[in-house]
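A.B. asks: This structure is in structure tokens; I'll ask about it shortly.
What follows is calculated from the coordinates using simple rules that are stated; it is not laboratory data. It should be emphasised that the depicted structure is a prediction, and the values quoted were computed from it without experimental measurement. Ideal geometry is used to build each Cβ from the backbone, glycine not excepted, and the neighbour counts take in all protein chains shown.
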Ligand code: ZN
Ligand code: ZN
């Protein structure tokens, strides 16, 4: 949407309140369109202008998205000063507006330009506006995700061009009101029919203004991409895919409004040894057959500390999990979660002569005890 629409009070044009429902707006529009339709009053210039105005207002207020944007623009610019500091042109008399052309009812271009460029009586009292939230991503090592880390993050955001303050015009020049749409940014198609169509102006592409001498920095667009790198503290214990909100680290607010937030989506690289299960860390630890059968005390590595010793009781089955308290990731409340240690009983792939003899004597000692007996025990 072109930024200039904000100068018109579409609600007033349609005679509805700011919080009017979509159906109220539709009703008001239908009635006004009927009363002022050019087909009903052929040759009535004033009615034709009024009809254009009504169509334009309805084109914006009938679309929820456009209406929202319009309301925001109004709130932001309603008292002028949006481009405060640009030019010192008084009330805008010298802007090349083609004088003598019929203006649409109630719409004063000098007022528009006065407001836009900081002239006239309406200056610098624009309401404060919160900056936008900015999205970013960070990829962390497993260790950094557990212990927290400060990372440099590059963010980009779209802002008014700093050279021309968003007007798109070269320093010392100003944009001129579009002669095609007379600054409304909209044109009414001449296709005839009962209802004329209102669409964005071809000449200014809906901006309402044309730039003769484009700003060298933004080539007339009035927009600039600013990118900055900042140091961002990622708290300890973040998980892969988690989105963290850093208050006040987003786009700067306008007119003294607060900054938006920075939303960082975190990607965590897998670890060679450790895994995550919620706040708990996991590790799979191989144990020898005899350790599982006879019991053992084994050393298990922790992520950032000394190994812990875990007692594996005699007769521990493969896949049993033990818990080492306080050896996991930090929780939000500052305590630490646990390390879950899962044992994996190893079967030797090759045996020394002594080991083979030992295993064979174990087989003899087992004395025909069939580990699969229960599978064949019959019953239901
Ligand atoms: Zn235009
Ligand atoms: Zn520029």
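A.B. asks: Modelling each spin label as a point 7 Å along the Cα-to-Cβ direction, I'd like the residue 141/residue 219 distance in nm, to one decimal.
C.D. replies: Placing both labels 7 Å beyond Cα along the Cβ direction yields 4.3 nm.
A.B. asks: For the stretch 254-367, just say rounded, prolate or oblate: build the C-alpha gyration tensor, square-root its eigenvalues into a ≥ b ≥ c, call rounded for a/c under 1.5, and beyond that prolate if a/b exceeds b/c, oblate if not.
C.D. replies: It comes out prolate by the Cα gyration axes.
A.B. asks: Under a crude label model (7 Å from the Cα following the beta-carbon direction), how far is residue 231 from residue 203 in nanometres?
C.D. replies: 5.4
A.B. asks: Ranking request for peptides 197-205, 176-184: highest mean number of other beta-carbon atoms within 10 Å first, then the rest in descending order.
C.D. replies: 176-184, 197-205
A.B. asks: Assign one of three labels to the stretch 188-317, namely rounded, prolate or oblate, based on the Cα gyration tensor with a ≥ b ≥ c the square roots of its eigenvalues; rounded applies when a/c is under 1.5, prolate when it is not and a/b is larger than b/c, and oblate otherwise.
C.D. replies: In terms of gyration-tensor shape, prolate.
A.B. asks: Now, a different point. Applying a 10 Å radius around every beta-carbon, put 241-253, 307-319 in order of their mean neighbour count, most first.
C.D. replies: 241-253, 307-319
A.B. asks: Taking the DSSP beta bridges in the stretch 229-351 as the whole, what percent of them are antiparallel, to the nearest 5?
C.D. replies: The antiparallel proportion sits near 70 percent.
A.B. asks: Separation between the residue 285 and residue 302 pseudo-spin-labels, each 7 Å from Cα along Cα→Cβ, expressed in nm?
C.D. replies: Reported label-point gap for residue 285 and residue 302 is 1.2 nm.
A.B. asks: Given 0.36 nm per residue, what is the gain on full extension from residue 359 to residue 157 after removing their alpha carbon distance, in nm?
C.D. replies: Full extension of this stretch gives 65.8 nm more.
A.B. asks: Same structure again: Taking 0.36 nm per residue of separation and subtracting the Cα-Cα distance, what length does fully extending residue 66 through residue 293 add? It would help to have the intermediate numbers written out before the result.
C.D. replies: Working: separation 227, 0.36 × 227 = 81.72 nm, distance 7.28 nm.
Length difference between fully extended and current span is 74.4 nm.
A.B. asks: Can you order the peptides 138-145, 357-364, 46-53, 288-295 by their average number of other Cβ atoms within 10 Å per residue, highest first?
C.D. replies: Going by the mean number of other Cβ atoms within 10 Å, highest first, we get 46-53, 138-145, 288-295, 357-364.
A.B. asks: Also: Would you mind classifying the stretch 168-243 by shape? Square roots of the alpha carbon gyration tensor eigenvalues, ordered a ≥ b ≥ c; an a/c under 1.5 is rounded, otherwise it is prolate if a/b is larger than b/c and oblate if not.
C.D. replies: In terms of gyration-tensor shape, oblate.
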